[in-house]
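Please read the structure below before turning to the comments.
The values are calculated or read from the model by the stated rules, or taken from the named source; none is laboratory data. On a predicted model such as this, the values are computed, not experimentally measured, just so you know. When we count neighbours, we look across all protein chains shown, and the Cβ atoms used for this are built from the backbone with ideal geometry, even at glycine. Just so you know, the surface numbers come from the protein's heavy atoms only, side chains and all, with ligands and any DNA or RNA stripped out. Shrake-Rupley method; radii C 1.70, N 1.55, O 1.52, S 1.80 Å.
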Amino acid sequence: MTAVENPGEELLGRVFLCRVIEPGDEVGGRWVREFGVGEVVRRLKEGAPGLPGVSEVRWGGLVARARRAAPERDLAVAAEAGARFVVPGAAEWPGQLDDLGDARPIGLWVRGRPSLRMWALRSVAVVGARACTEYGTHVAATLAGGLAERGWVVVSGGAYGIDGAAHRGALAARGATVAVLACGVDRPYPRGHAALIGRIAEQGLVVGELPPGDHPTPSRFILRNRVIAALTRGTVVVEAACRSGSLATARAAGRLGRFTMGVPGPVTSALSAGVHELLRSEATLVTDAAEVVELVGDMGELAPARRGPVLPRDLLEPAARAVLAALPGHRAAGVEEIALGTPTTRDEAIAKLYELRALGYVERHGDGWKLTRQAVMSVRSGHRPC
């Protein structure tokens, strides 16, 4: 039977508590841990004496919210939207969320066919500013696409800016992506991303703590970020101002022992100032998907070494390079002058000059030697001489 047909007391109780207790409420999480779901639900329904840790006024507000809770209805609405409710201890529950302690979600609403637990095992968060630049959009989409091509799940918040670019980059690479919302999974926010979030639900997963129909608030966005941080192996911030909420995701990842990474931007850009401050403290600088995977991946998944282009003169023997470097740029020079500028003898300098002549680097002018025009151009542009 499905969860809606026979949900069980534990699941129904957690759906009930999702309507009453705000996401990330550590006091409520402690109640669940110490007293159990059933006892917390009973006291809230009966309006019994308050549980420890809250004032009478706060307890009264929770009891009032409990009177409006209807878990069976929430499950039915979620089912109509193609969503399910996943609770701690279930086969699909990602165990890494337990690292949040009493701030662990009471449960998660999930839209999409894949298993959240399996996808979270190999996932990376890509987050950043809503009001991003073209540079940020390009970097986020390219980074997400590269991660998706390497078999990594890209997790973000479904918002405008960097979040949306990350989701689109993963989808364009026909990869996996997860949107963690700060509202009900049946009510996509922002509305301008309704089509994108719908596509994510079809190709990936849409996840949220709040029950169907609930709307986002500023505090819920911040609290949502802890789920993104805990769910993934690491968090990459692409663009973020000094007060950006995406920095909270990275710092939460750091507190949880996850990798925190940042992509640098122009030093003149206020939208990269927060990332740069993060890089000066606890984050690691990354520039592409390979460098991200080197941190969060398995042993041996190393990014390629970064080297400049190999020029033809780099392939010369040290003695020949020394002779070539000793030639003046715009006039001919005698063998004695050339030999004095190198750690070699006159005879060896002559031998190397003839080697360089055969390779097209130098030409003889009477008793002197001069760089060829092609050799001068290759020094300036890095091209092989003709």
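Figure legend. Inter-residue proximity from the range 289-309: first residues closer than 20 Å to Thr260 by Cα, second residues open to solvent by less than 40 Å² (accessible area, probe 1.4 Å) and modelled with pLDDT under 75, beta-carbon distance below 8 Å, spacing 6+ or different chains. Indicated pairs: Ala290/Ala303; Glu291/Ala303; Val293/Ala303; Glu294/Ala303.
The single condition from (1) touching a residue at least 12 places away in the same chain (Cβ under 8 Å); (2) under 20 Å from Ser115 (Cα atoms); (3) of a type outside the set (Ser, Thr, Tyr) that Ala90 fails is (1).
Exactly one residue out of Val267, Val286 is of a type outside the set (Lys, Arg) and in contact with a strand residue (DSSP E or B) (Cβ under 6 Å, 6 or more places away or on another chain), and it is Val286. What do you reckon, is Val206 surrounded by 22 or more Cβ atoms within 10 Å (Cβ to Cβ) and more than 16 Å from the chain's Cα centre (by Cα)? Criteria met by Val206. Taking first residues from the range 97-122 that are under 22 Å from Trp152 (Cβ atoms) and partners that are of a type in the set (S, T, N, Q) and surrounded by fewer than 22 Cβ atoms within 10 Å (Cβ to Cβ), the Cβ contacts under 7 Å between residues at least 6 apart in sequence or on separate chains come to Ala120/Gln96. Quick check, is Arg220 touching a residue at least 40 places away in the same chain (Cβ under 8 Å), more than 19 Å from the chain's Cα centre (by Cα) and surrounded by fewer than 24 Cβ atoms within 10 Å (Cβ to Cβ)? It is true that Arg220 is touching a residue at least 40 places away in the same chain (Cβ under 8 Å), more than 19 Å from the chain's Cα centre (by Cα) and surrounded by fewer than 24 Cβ atoms within 10 Å (Cβ to Cβ).
In summary, helices (runs of 4 or more DSSP H) completely within the range 261-354 and bearing 3 or more residues that are more than 40 Å from the chain's Cα centre (by Cα) and within 30 Å of Asp367 (Cβ to Cβ) occur at 318-326, 335-340. Residues being over 24 Å from Pro212 (Cβ atoms) and of a type in the set (Gly, Ala, Ser) are entirely absent from the range 12-27. Would you confirm whether or not the range 91-105 contains a residue that is over 25 Å from the mean Cα position of the chain (by Cα), crowded, with 16+ Cβ neighbours inside 10 Å and closer than 24 Å to Trp31 by Cα? No, because not a single residue in the range 91-105 is over 25 Å from the mean Cα position of the chain (by Cα), crowded, with 16+ Cβ neighbours inside 10 Å and closer than 24 Å to Trp31 by Cα. Selection of the range 185-199 for residues being part of a helix (DSSP H, G or I) and either within 22 Å of Thr217 (Cβ to Cβ) or small (Gly, Ala, Ser) (or both) yields Arg191, Gly192, His193, Ala194, Ala195, Leu196, Ile197, Gly198.
Against the definition (touching an Asp or Glu at 6+ places or on another chain (Cβ under 8 Å) and closer than 19 Å to Leu231 by Cα), how does Gly128 come out, yes or no?
When the stated conditions are applied, Gly128 passes them.
Quick check on the range 343-363. Is at least one of its residues open to solvent by 30 Å² or more (accessible area, probe 1.4 Å) and in contact with a strand residue (DSSP E or B) (Cβ under 7 Å, 6 or more places away or on another chain)? Among the residues of the range 343-363, at least one is open to solvent by 30 Å² or more (accessible area, probe 1.4 Å) and in contact with a strand residue (DSSP E or B) (Cβ under 7 Å, 6 or more places away or on another chain), which makes the answer yes.
Scan the range 331-342 residue by residue and report those that are without any contact (Cβ under 8 Å) to a residue 24 or more places away in the chain and open to solvent by 30 Å² or more (accessible area, probe 1.4 Å). Within the range 331-342, Glu336, Glu337, Leu340, Gly341 qualify.
Apart from one condition, Gly151 fits all of (1) open to solvent by 10 Å² or more (accessible area, probe 1.4 Å); (2) in a helix (DSSP H, G or I); the exception is (2). Within this structure, Glu291 passes the test of being charged (D, E, K, R) and at pLDDT 95 or above.
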